[in-house]
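Heads up, the thing below is written out as structure tokens.
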Amino acid sequence: MDMLNDPAFTAFRDEVRTFLAAHLPDDIQRGAARATSVFVDPAITLPWQRILHAKGWAAPDWPAEFGGPGWNEIERYIFAAECARAGAPNLAPMGLKMVAPVIMHYGSPEQRAHYLPRILSGEDYWCQGFSEPGAGSDLAALQLRAVPDGADYVLNGSKIWTTHAHFANRMFALVRTSNEGKPQAGISFLLLDMDAPGITVEPIRTLAGDHEFNQVFFDDVRVPQANRLGRENEGWSVAKHLLTFERGGKYAPGLIGRLERLRKQTEIDAVLRAQVDREAINLQALQALELKAMRGVGGSSALYASALKILGTETAQRIDALACEIAGHPAWADADGQAPDELAVVVPRYLNDRAASIYAGSNEIQRDLIARLLLG
Ligand SMILES: Cc1cc2nc3c(=O)[nH]c(=O)nc-3n(C[C@H](O)[C@H](O)[C@H](O)COP(=O)(O)OP(=O)(O)OC[C@H]3O[C@@H](n4cnc5c(N)ncnc54)[C@H](O)[C@@H]3O)c2cc1C
């Protein structure tokens, strides 16, 4: 962790801090503080993405050849920490952090040239079509059928729990192109337009009352075969690669930023302060692991990705519970219920974050993957 405090990075940290102080608008910061989910509404994230894009900083993890700033891994981590400290919203991960690295890795030159600039600018907003009503933890059981017809595939079936499908103009999807052999061997990875005829998006409300995810129905939807990423029936490898980006990465910077804002509200109670300190120590350990795990364009090995997913999401859930305790302290009643912004949304955030140990593959499944990777 001394790496982060190396004087070689002082000028870089100052540059980022100065930029954030000058360019992060109050309304965006306030929108982020009141967000109840890690998937912040695009009305808040897209204007911020445009500001970062104008500076060349929208995709810190991308290599310079695709429009990234060309930072090393420590600089990227410092940038994430400074954004969290300033209270900037998390940008939507589905395009920038999930599908972009697999387009870089598996995409044709034409696919890279078409999609990557539009992801960077925010012109394209992506959703992830992996889960189905009969395929969650057992993802290889997916049945959405893609049948070749001329230059197209014709898709029939449905995807579920599709976060922000109601905002997205693009989806990356796993589809079944063969029933021969192992279930994993008959899956292909498609990039498709959400306005294609035959796609219907139906909302699903979360426990916290948000409209965040959806069920998406496909009724004879035509998708050009040229929109396939990688070879036919080899989509499982693309998906596994993508999942290391979805699960791994940087949980600690955002959580440290949140905990420090909560700390300011614990003057009222020594026991709460001690609980904040304990989580701060846990976060130092998580940060050390994240720094050790960093590799390539924001990814980490499958083993680290699963470990970070468990530790990051379970720490977030403990901090949510602590935030509820802080918000419920009698001292706030004396203040005429004038609790600060950070405490206004603790209950919906607590409820929303219950999902964190389910999405991106449940934490039980991550523990199983770790056991298999370590024990064989
Ligand atoms: C908020 C949220 C957003 C999501 N967004 C998306 C999205 O954008 N795109 C997308 O494709 N999907 C999305 N998902 C779906 C998510 O990936 C699945 O919910 C997850 O993989 C679990 O699948 P399932 O819900 O079908 O549960 P199931 O697979 O039915 O599992 C139910 C329970 O059984 C346990 N279990 C199952 N199998 C095993 C096993 N072998 N060993 C031990 N325990 C097991 C699970 O851990 C879980 O507790 C989202 C989910 C949530 C909650």
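The values are calculated or read from the model by the stated rules, or taken from the named source; none is laboratory data. All values reported here derive from a predicted model rather than from experimental measurement. All Cβ positions, glycine included, derive from the backbone under ideal geometry; neighbour counts span all protein chains shown.
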All but one of (1) free of Cβ contacts under 8 Å to residues at least 40 places away in the same chain; (2) part of a loop (DSSP other than H, G, I, E, B) hold for Leu91; state the number of the condition that does not hold. (1)
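Can you name the residue in the stretch 116-134 that is more than 9 Å from the ligand (Cβ to nearest atom) and not in a helix (DSSP H, G or I) and, of all such residues, is surrounded by the most Cβ atoms within 10 Å (Cβ to Cβ)?
The initial filter retains those residues of the stretch 116-134 that are more than 9 Å from the ligand (Cβ to nearest atom), namely 116-126.
Next cut, not in a helix (DSSP H, G or I) only: 122-126.
Numbers: Gly122: 21, Glu123: 14, Asp124: 19, Tyr125: 20, Trp126: 26.
Residue satisfying both the conditions and the ranking: Trp126.
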May I ask you to list the residues in the stretch 148-200 that are in a strand (DSSP E or B), aromatic (Phe, Trp, Tyr) and within 15 Å of the ligand (Cβ to nearest atom)? Phe172, Phe189
Looking at (1) under 20 Å from Arg247 (Cβ atoms); (2) part of a helix (DSSP H, G or I); (3) modelled with pLDDT of 95 or more, which one does Tyr77 not meet, given that it meets all the others? (3)
Could you give me the residue pairs with C-beta distances under 8 Å whose first residue belongs to the stretch 101-117 and is closer than 22 Å to Gly56 by Cα and in contact (Cβ under 8 Å) with a residue 24 or more places away in the chain, whose second residue is of a type in the set (Phe, Trp, Tyr) and part of a helix (DSSP H, G or I) wherever it lies, and which are 6+ apart or on separate chains? Pro101/Phe245; Val102/Phe245; Ile103/Tyr115; Met104/Phe66; Arg112/Phe66; Leu116/Phe66
When you check Pro47 against the structure, is it modelled with pLDDT of 95 or more, within 19 Å of His23 (Cα to Cα) and more than 15 Å from the chain's Cα centre (by Cα), yes or no? yes
When restricted to Glu342, Glu314, the only residue among the charged types (D, E, K, R) and modelled with pLDDT of 95 or more is Glu314
Count of the stretch 182-200 residues which are surrounded by fewer than 18 Cβ atoms within 10 Å (Cβ to Cβ) and within 23 Å of the chain's Cα centre (by Cα): 1
Subset of the stretch 44-61 [free of Cβ contacts under 8 Å to residues at least 24 places away in the same chain and part of a helix (DSSP H, G or I)]: Pro47, Ala54
Tally the residues that are in a loop (DSSP other than H, G, I, E, B), more than 8 Å from the ligand (Cβ to nearest atom) and surrounded by fewer than 18 Cβ atoms within 10 Å (Cβ to Cβ), restricting the search to the stretch 135-145. 1
What are the residues in the stretch 343-376 that are within 10 Å of the ligand (Cβ to nearest atom) and either hydroxyl-bearing (Ser, Thr, Tyr) or not in a helix (DSSP H, G or I) (or both), if any? Ser357, Ile358, Tyr359, Ala360, Gly361, Ser362
Residues that are surrounded by fewer than 18 Cβ atoms within 10 Å (Cβ to Cβ), closer than 19 Å to Met171 by Cα and among the acidic types (Asp, Glu): does the stretch 25-40 have at least one? no
